[in-house]
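Right, one structure below, let's go through it.
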Amino acid sequence: MLSQTLRMHHPDWTLWLCISDLEPPDYQLDMIDHGFDHVLWLKDLKIDKLESWIFRHNIVEICTAVKGFFLEKIMEAGADTVFYIDPDIAIFNSLEPLVQKLQISNIILTPHLINPEEKSKYMWENERSALLHGVYNLGFLGVCNNAEGRRFAAWWRERLQFFCFELASEGIYTDQRWCDLVPAFFEGVGIVRDPGYNVASWNISSRPVTFDSEGTLHAGDALLRFYHFTKISDVGEAMIERYSGSSTAIYEIVRWYQASLKKFEDPRLTKYWGYGSYSDGTPIKYEHREIYRKRPDLQEDYTNPFRANTFLKWINNNH
């Protein structure tokens, strides 16, 4: 859905896809069918002791931890500018204003919120959530391939290589909390305050989605550029119901998005994650990943902890 909606507005852009997974034995990705020019798998990234590194992360952590490596890879391939866009985003209008913004900025970020909440319960749920999980939503990022952009990419990659975990109470939340520091550490950081970008359940209370008389979508008083359908099949939909107010357009685009996703469903990929189980098929518990992550001695002894007859055997004997 991301590639399809993006191609409608930017058919000449080069699209890269990074997949934090392994292909199932009976599956081969058709790049042309899916609309991408290049596909990178985790195994294609230059990461030392790859299996050990992957094992330390759950699926959310690993999908965010690869972003720094991925960004550097695309820059090395010669891209002038790079936009990272989450796969659960759909594009509704041209992103050309972001291209123009990167001509005067080195890095551009979209905040979760651009207006203060007016109700106390929304302050607690949304503003406090931004303090816990990151001021900026890293479902989108823009970087210019210049000296400062490359310096940022190297800095971000190193933090995500070692500290990309869901530990909001400890001041780390995947890739996002690190970027709270970006405006302090780097020059030429542009903050996108246009309400049409990165619209999502956490900010629609101040950016109501509407159709105008010609059927054009707006977010607040701006064109809707892209909507972030975070967790749309569960808590995301509940959050929309809570914050949408009198907006009916939001339900129309949610129904459209959900119906569109069904067209692309593949039963071979339902609930599949190649790194979610040991070699014998035993599901990996998050506590196993935590134990391994906190024990350098185990990382040294079991360089490929996915092998059931090694690390899982140790787990069963010691826990």
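In whole percent, what relative contact order does segment 277-319 give with Cα contacts below 8 Å and a gap of six or more residues?
It comes to 43 percent, rounded to a whole number.
Using a cut-off of 27 Å between Cα atoms, the listed pairs Lys231/Lys262; Lys121/Lys263; Lys67/Lys101; Lys43/Lys285; Lys231/Lys263 include Lys121/Lys263 as exceeding that distance.
For the chain, the longest stretch holding no GluC sites (Glu not before Pro) located in a DSSP loop with at most 13 other Cβ atoms within 10 Å is which? Mind showing how you got there, number by number?
Details: sites that count: Glu118, Glu187, Glu214, Glu265.
That gives 1-117 as the longest site-free run.
Within a straight-line Cα-Cα reach of under 19 Å, Lys119 can be paired with the following aspartates and glutamates, leaving aside sequence neighbours fewer than 8 residues apart in one chain: Glu127, Glu241. Straight-line cross-link reach from Lys271 at under 17 Å between alpha-carbon atoms covers these aspartates and glutamates, not counting any fewer than eight positions away in the same chain: Asp21, Glu23, Asp26, Glu61, Asp88, Asp234.
Dividing the mean sequence gap of close Cα pairs (under 8 Å, 6+ apart) by how many residues segment 127-184 holds gives a relative contact order of 45 percent. For segment 267-311, taking the reciprocal of the average inverse distance between every pair of different Cα atoms yields a Kirkwood hydrodynamic radius of 11.4 Å. When the Cα atoms of segment 1-104 are aligned to their principal axes, the ranges along those axes come out at 41, 34, 24 Å in descending order.
Using a/c under 1.5 as the rounded threshold, could you call segment 239-290 rounded, prolate or oblate? The axes a ≥ b ≥ c are square roots of the C-alpha gyration tensor eigenvalues, and prolate needs a/b larger than b/c, oblate otherwise.
On the way: a/c = 7.20, a/b = 1.99, b/c = 3.61.
Oblate, because a/c is 1.5 or more while a/b does not exceed b/c.
Restricting to DSSP H runs of at least four residues, report the calculated mean residue ellipticity at 222 nm for the chain, -39500 (n - 2.57) per run over all residues, nearest 500 deg cm²/dmol. Don't skip to the end; give the middle numbers.
Details: 14 runs with 113 residues, N = 319.
Dividing the helical sum by the residues of the chain leaves -9500 deg cm²/dmol.
Scanning residues 5 or more positions from Cys18 or on other chains, those with amide H under 5 Å from its amide H are Leu40, with H placed 1.01 Å from N in the peptide plane. Extending 7 Å from the Cα toward the beta-carbon at both Glu118 and Ser246 defines two label points whose distance is 1.2 nm.
Under the definition of Cα pairs under 8 Å and six or more residues apart, what whole-number percent is the relative contact order of the chain?
Numbers: 462 pairs, mean separation 63.5, N = 319.
So the answer I get is 20 percent.
Counted by neighbouring Cβ atoms within 10 Å, the residues Asp48, Asp301, Asp86 run from fewest to most as Asp48, Asp301, Asp86. Computed over segment 2-269, the range of Cα coordinates on each principal axis works out to 52, 44, 36 Å, biggest value leading. The phi torsions of segment 127-136, fed into the Karplus equation with coefficients 6.51, -1.76 and 1.60 and a -60° offset, translate into couplings of 5, 5, 4, 5, 5, 7, 10, x, 5, 9 Hz, rounded to whole numbers, with Gly and Pro shown as x.
How much net charge surrounds Ser246 when only the other residues with a Cβ under 15 Å from the Cβ of Ser246 are counted, with Lys and Arg +1 and Asp and Glu -1? Walk me through the intermediate numbers first.
On the way: positive: Arg207, Arg242; negative: Glu241, Glu252.
With Lys, Arg at +1 and Asp, Glu at -1, the net is 0.
Note down the net charge around Leu138, summing +1 for each Lys or Arg and -1 for each Asp or Glu among other residues with Cβ under 11 Å from its Cβ. Charge balance near Leu138 sits at -1.
Looking at the square roots a ≥ b ≥ c of the eigenvalues of the Cα gyration tensor of segment 180-319, which shape do they give, rounded for a/c under 1.5, prolate if a/b is larger than b/c, or oblate? All intermediate terms of the calculation are to be shown ahead of the outcome.
Values: a/c = 3.38, a/b = 1.93, b/c = 1.75.
Judged from the Cα gyration tensor, segment 180-319 comes out prolate (a/c at least 1.5, a/b above b/c).
Read-outs: derived from the displayed coordinates by stated rules, not from any lab. All values reported here derive from a predicted model rather than from experimental measurement. Cβ coordinates were reconstructed from backbone atoms using ideal geometry, including for glycine residues, and neighbour counts include every protein chain displayed.
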